[in-house]
Structure formats: C-alpha cells, structure tokens
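S.K.: Structure below; questions to follow.
The values are calculated or read from the model by the stated rules, or taken from the named source; none is laboratory data. What you are looking at is a predicted structure, and each value in this text was computed from that prediction instead of being measured. Because the Cβ atoms are built from the backbone with ideal geometry, glycine has one as well, and the counts that use them run over all protein chains shown. Accessible surface is based on the protein model in full, side chains and every heavy atom, while ligands, DNA and RNA are left aside. Shrake-Rupley method; radii C 1.70, N 1.55, O 1.52, S 1.80 Å.
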Amino acid sequence: MIQESISIEEKLNERIKELSCLYQVSTAIREYNGSYQDTLGTIVQILKNAWRFPELATVEIQYEDCHLTSNPIPSKAYSQKSIIQTSEKPMGFIKVHYPASDLSKAHFLVEEQRLLDKIAYEIALFFERQTIKTQEELLKKTAQRNDRLSILGEITAGIAHELNTPLGNILGFAEFIEEKSKGAQIKRDAQKIIKSAMYSREVVKKLMFFSCDMPQDIKQIEIKPVISQALSLLKPNFKKANIKFEFLIDDPGLKAQVDPIQLTQVFFNLVINAIYYSPENSKIVIAIHNTKTHYTIEIADTGKGIDPEVKDKIFEPFYTTKPLGEGSGLGLSVVHGIIKSHRGEISIADNVPNGTIFKVQLPLKF
C-alpha cells in the first residue's frame with residue numbers, strides 16, 4: 001500500500017492521538033461495569049476519534065454475538081482490520097472504514113494499523129480475564145456448596161438415625177390403640193397419629209437418601225420395565241390431577257448399571273413434581289435417549305416454569321416453592337444426591353412454549 005505523505009507536525013499530532021487512545025481504552029476496560037456491550041461501545045467511539053480523519057471514519061467491532069458500529073458503514077469503503085483472538089481462537093474483529101468516495105486506502109497510516117492490533121490484543125486479554133474470573137467464581141461457589149452439603153449430610157444422617165426408633169414406637173403404639181380402642185373419637189385420633197408418623201418416616205427416608213446413608217445395590221437392568229412400572233404406580237396421580245402422559249424410548253431394550261430402587265425414587269420425585277405444577281388437561285412427556293456411553297431421561301411438563309431467580313436454589317435441601325405442609329423441600333435434594341452418587345448429571349431447561357424439562361444423564365456403566 002502506498003501511504004500518503006504527511007508532515008512531521010501531523011505525524012506528531014497523530015502519535016499524540018494514538019497514545020491518548022491507548023490510555024482511554026485502558027481506562028474503559030478498567031472501569032468495566034458488567035456490560036460487554038457498554039465497554040465495547042465506549043471503545044468504538046474512542047477509536048473513531050483516534051484516526052486521522054475521524055469525521056469520515058466508521059469503527060466496527062464484532063465479538064461473538066455482539067456487533068457495534070460508530071455510525072452506518074459506507075456501501076463502498078476502504079478499511080483496516082485486526083482480529084480479536086483469545087486462546088489461539090479468533091473470536092471477532094475490529095475494522096476502521098473510510099468511504100471510497102472521499103478517501104483511498106493510502107490515507108490509512110501504518111501506525112494506525114499497529115494501534116488497531118494493539119487495541120485488539122487488549123480487548124482479547126480483557127475477555128480472557130473475564131472468562132477466568134467467571135470460572136473462578138463458579139468454582140468457589142461450587143466448593144462452598146459442596147462443603148455445606150457435606151456438613152449437612154452428616155447432620156441429617158445423625159438426625160435420621162435418631163428419629164427412626166421413636167417414630168417406629170409412635171407408629172406401633174398408635175396402630176395398637178386404633179386396633180384395641182372401641183371409641184370412635186379415639187380411633188380417629190389414632191389414625192391422625194399414624195398418618196403423621198408415616199409422613200415423618202418418609203421425611204426420614206428422604207433424609208437418609210440425601211445423606212447417602214442408604215446402601216446402593218448397583219446391578220445391570222433393563223431401564224424400560226423400571227420406568228413403566230413406576231408410571232403404572234403413578235396412574236392414580238395422573239388421573240386425580242386430570243393430566244395425561246406419554247412415554248418415549250429410543251431403545252426399548254436399553255440396559256444400564258443402576259440401583260433400580262434409587263432410579264425409581266428419582267423418577268417418582270421428578271414426575272410427582274411435574275404433576276404438581278402442571279395445569280389440568282395437559283400432558284407430561286417422558287423420553288429416554290441414549291448414546292454409546294450414557295442415557296438421558298427427560299421429563300417435560302407445560303406448567304408455569306421455574307423462575308430464573310430460583311433455578312440455582314431448587315436442589316438445595318429444605319428449599320421449596322410449595323405451600324407449608326405440602327412439601328419437605330427434600331425431594332429434589334434427594335434426586336440430586338442419588339444422581340451424583342451414580343456419577344450422573346441433572347439439568348433444567350425451559351420447555352417451549354412454556355413449562356420445564358428436567359434432564360437426568362446417567363452412565364450406562366457405573
């Protein structure tokens with residue numbers, strides 16, 4: 001490229017503009033407020049003023065899905081370009097355009113290309129630092145959560161063991177009183193005690209599942225019969241809620257190494273949860289897909305969905321959005337604990353157009 005000759009005084013002025021541009025860009029990056037678009041928007045305007053003909057320059061920045069320009073790009077233009085590259089991977093670019101009707105390629109300076117390369121490098125470093133920072137914060141939160149769950153697991157295991165014996169006594173004596181008593185009121189009171197004791201024992205069982213204090217019995221089984229049997233047992237729940245279900249499986253003969261009782265527990269909790277939040281006359285779709293190494297159970301409802309604010313909390317023990325007395329807040333914690341003990345993963349996705357999809361991915365071989 002033949003560069004247009006300029007005077008020493010103009011070169012000095014351009015050099016001052018370049019240094020000022022570098023300082024302003026560094027300041028914009030340092031004052032990052034959490035919005036990539038705001039920071040890149042500021043850099044766009046800084047770069048426009050740093051070029052030799054700012055009134056004719058159009059600055060364009062593309063980074064992943066973010067695309068910004070200082071003003072409309074001329075239909076015919078000459079440009080300088082620099083790639084924004086992070087971890088040896090191109091993630092975007094910066095361009096400065098001059099309209100072909102007013103200027104030529106010769107009006108760009110070599111120093112301006114060097115400046116553009118430097119700014120692209122600084123932006124790449126900025127995004128890499130933000131990615132590392134986000135990853136560090138996520139790891140820190142995960143470690144803190146695991147510590148809390150570990151301590152809580154030990155506490156709940158102790159509580160569960162301590163409660164088992166007295167609850168067994170309460171249930172036994174209440175059943176004895178109901179059987180031997182002749183008074184109608186006493187029988188009704190005994191039945192209330194039995195019902196409450198049985199509910200409490202279910203909570204204890206969930207506590208033991210949550211604390212991983214229930215022994216696992218891993219064996220090679222066919223998945224379809226386990227899910228089909230669970231759905232058969234849940235038919236009264238579907239009927240009472242006036243909800244239908246559809247069961248789809250890619251491979252009807254799919255086999256995996258799993259604890260069948262714990263898999264049933266996971267499935268029960270997720271489906272009962274889906275029934276609770278589904279509207280009448282809706283349908284819950286249960287689908288099982290598999291690869292060579294894993295299988296995924298998807299349970300999709302068409303309820304109101306999960307608020308983004310609570311998505312990170314729903315697997316925490318004792319957290320529930322149900323009214324008092326309708327949920328212990330342990331169901332999804334139990335699910336999470338069992339899946340983790342099987343070296344699996346559970347995730348949540350929004351159903352379209354509305355509702356929630358719980359996805360449980362488990363290995364075929366334990």
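S.K.: Would you give the gap between the C-alpha center of region 1-60 and the C-alpha center of region 220-292, rounded to a whole Å?
M.R.: 60
S.K.: Subtract the Cα-Cα distance of MET91 and SER196 from 0.36 nm times their separation in residues, and report this length gain in nm to one decimal. All intermediate terms of the calculation are to be shown ahead of the outcome.
M.R.: Numbers: separation 105, 0.36 × 105 = 37.80 nm, distance 5.97 nm.
Result: 31.8 nm gained on full extension.
S.K.: If you add up the charges near THR131, with Lys and Arg at +1 and Asp and Glu at -1, over every other residue whose beta carbon is less than 13 angstrom from its beta carbon, what do you get?
M.R.: -1
S.K.: Can you list the HN-Hα couplings for region 29-42, worked out from phi with the Karplus curve (6.51, -1.76, 1.60; θ = phi - 60°), rounded to whole Hz and with x for Gly and Pro?
M.R.: Once θ is set to phi - 60°, the couplings for region 29-42 become 5, 5, 9, 3, 9, x, 10, 4, 4, 5, 5, 5, x, 5 Hz.
S.K.: Sticking with this structure for a sec: List the residues whose amide H sits under 5 Å from the amide H of ALA77, counting only those 5 or more places along or on another chain, with H placed 1.01 Å from N in the peptide plane.
M.R.: Placed amide hydrogens put ALA100 under 5 Å from ALA77.
S.K.: Using θ = phi - 60° and the Karplus form 6.51 cos²θ - 1.76 cosθ + 1.60, what ³J(HN,Hα) does each residue of region 68-81 get, whole Hz, x for Gly and Pro?
M.R.: 9, 9, 6, 6, x, 6, x, 5, 10, 8, 9, 8, 10, 9
S.K.: Could you pull the accessible area for ARG201 with a 1.4 Å probe, rounded to 10 Å²?
M.R.: Answer for ARG201: close to 100 Å² accessible.
S.K.: Shifting gears a bit: For THR356, what is the net charge nearby, where nearby means another residue's Cβ is under 9 Å from its Cβ and Lys, Arg count +1, Asp, Glu -1?
M.R.: With Lys, Arg at +1 and Asp, Glu at -1, the net is -1.
S.K.: Starting from the residue with the highest accessible area, list ASP307, ASP251 in decreasing order, probe 1.4 Å.
M.R.: Putting ASP307, ASP251 in descending order of accessible area: ASP307, ASP251.
S.K.: Are any of the pairs LYS235/LYS340; LYS187/LYS239; LYS182/LYS240; LYS292/LYS340; LYS140/LYS365 more than 32 Å apart by Cα-Cα distance, and if so, which?
M.R.: LYS182/LYS240
S.K.: To the nearest 10 Å², what's SER101's accessible area with a 1.4 Å probe?
M.R.: Counting only protein heavy atoms, the figure is 100 Å².
S.K.: Defining a contact as two alpha carbons under 8 Å apart and six or more residues distant in sequence, what relative contact order in percent does region 66-115 show?
M.R.: Here the relative contact order equals 35 percent.
S.K.: Let me ask you something else. What order, most packed first, do the peptides 295-301, 221-227 have when packing is the mean number of other Cβ atoms within 10 Å of each residue?
M.R.: Highest mean packing first, the order is 295-301, 221-227.
S.K.: Go through region 104-114 residue by residue and turn each phi into a ³J(HN,Hα) via Karplus (6.51, -1.76, 1.60, θ = phi - 60°); whole Hz please, and just put x for glycine and proline.
M.R.: 10, 5, 5, 6, 7, 9, 4, 5, 5, 5, 4
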